[in-house]
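Comments concern the structure below.
Readers should treat all values here as calculations from the given coordinates under stated rules, not as data from a laboratory. None of the values given here were measured: they were computed from a predicted structure. Cβ placement follows ideal geometry from the backbone for every residue including glycine, while neighbour counts extend to all protein chains displayed.
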Amino acid sequence: MGDGSRWFEQPPPEIRQAKAKEAPALPERPTKDNWLRCNGCAEFLYKPKLEENRQVCPHCDHHYRWSGLARLGELVDDDSFERHDADIAPTDALGFVDSKSYVGRIEASQKKVGELDAFVSGSATIDGMPVEIGTFQFAFMGGSMGSVVGEAITRLFERALKNRRPAIVISASGGARMQEGILSLMQMAKTCAALARLRASGMPYVSILTDPTTGGVAASFAMLGDLILAEPKALIGFAGPRVIEQTIGEALPEGFQTSEYLLEHGMLDFIVGRDALRERVAWSLRWMLEPA
C-alpha cells in the first residue's frame, strides 16, 4: 500500500476559521420605559433620541410637551442666564383642601420638579441682546398661576422696564390656580398692569405660547405680546373645548383652539417650530429694537 493510502497519518491541513461578523446592534425592544408611539404619525420613537430632537417627532414634526428649563436653555446664550426670585414660595392662605390638601400638592410638586413654584425667570442674552425672560414649568401643578407665579411675572416686567430690556415669557399653563381662589385671579390684573407700564416705555414684549396655554394665563399677559409666537398644534384658549361644547350645545370647528386656527383668525403672528425659535426671536428683537 503506497504512502498516499496512509493519508490519515498525515497532519491535517490547516483549517481557517472564518471570522464571525459582528451582528448589527439591535434597538431596544419597545417598552413603556424607552419607546413610545407617536401621537401624530404612530411611528415608534426612541425616547432618548426624541429628547435630543427637542421632543419633536422626526417623522411628522409632532411637538411633545417639553420642560420649561430645556426651552430656556435652547433659547438663551450659553452661560448667560442669571436667575431671579428663586426664593419665593407659595403659602396656603385659604387652608384649601379638595381630594388633597393644597400644602400636600405644593410639597409633592416641589419634590417632583425641584422648584418652589411653576415659574422660572431671570436675566439673559439672546444672540448678545440683553433680555428679561421667564418660563412656566407645566409639571408643577399644571403650570397654574398663583400668587408667587404672578409676583415673579410682575417682577420680570418691572425689571425689563427698569433695565430698558425686552421681556419674554414662555407660557405653558392650565390657568389660574384654583387652590388660591381670588388671590390667583388677582394676578391677571397685576401682571397686565405691570405689562402696561412696560409697553408705555416702548420696550417690546414677546409672548411664546406652547401646549397648553389656557385659562387665566391665556386671558391675560399671554395674549398681549407685541409679538406672539406659538408652537405647532398647541392648545390655546380660555375654556377647554369640551367645556365650550357642553355650554353651547354645539360641535366646534375642526382644529378649534389650535395654533393654526388662531393664526388663521388673526390671534397670532407666527407659528414657529422649536428648531427655528431662537433664530426667529433674535431676528424679531433686532427688528423691534432698531431706531425708528
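Evaluation of Lys233 against the conditions (1) charged (D, E, K, R); (2) in contact (Cβ under 8 Å) with a residue 60 or more places away in the chain; (3) within 26 Å of Arg165 (Cβ to Cβ) shows that the sole unmet condition is (3). Within the range 117-141, the set of residues being surrounded by fewer than 19 Cβ atoms within 10 Å (Cβ to Cβ) and not in a strand (DSSP E or B) comprises Asp127, Gly128, Ala139.
How many residues are in contact (Cβ under 8 Å) with a residue 40 or more places away in the chain and out of contact with any Lys or Arg (no Cβ under 8 Å at 6 or more places or on another chain) if we restrict to the range 160-176? Walk me through it before giving the result.
Step one: list which residues in the range 160-176 are in contact (Cβ under 8 Å) with a residue 40 or more places away in the chain, which gives 160-161, 163, 165-166, 168-176.
Now drop any that are not out of contact with any Lys or Arg (no Cβ under 8 Å at 6 or more places or on another chain), which leaves 160, 163, 166, 168-169, 171, 173-176.
Total meeting the criteria: 10.
The residues of the range 236-277 that are farther than 17 Å from Ser171 by Cβ, free of Cβ contacts under 8 Å to residues at least 60 places away in the same chain and part of a helix (DSSP H, G or I), listed by number, are Pro241, Arg242, Val243, Ile244, Glu245, Gln246, Thr247, Ile248, Glu260, Tyr261, Glu264, Ala276.
Under the condition of being touching a Ser or Thr at 6+ places or on another chain (Cβ under 9 Å) and over 23 Å from Ser121 (Cβ atoms), the residues counted in the range 64-90 number 0.
For Glu245, the conditions (1) among the charged types (D, E, K, R); (2) surrounded by 13 or more Cβ atoms within 10 Å (Cβ to Cβ); (3) touching a strand residue (DSSP E or B) at 6+ places or on another chain (Cβ under 8 Å) are fulfilled apart from (3).
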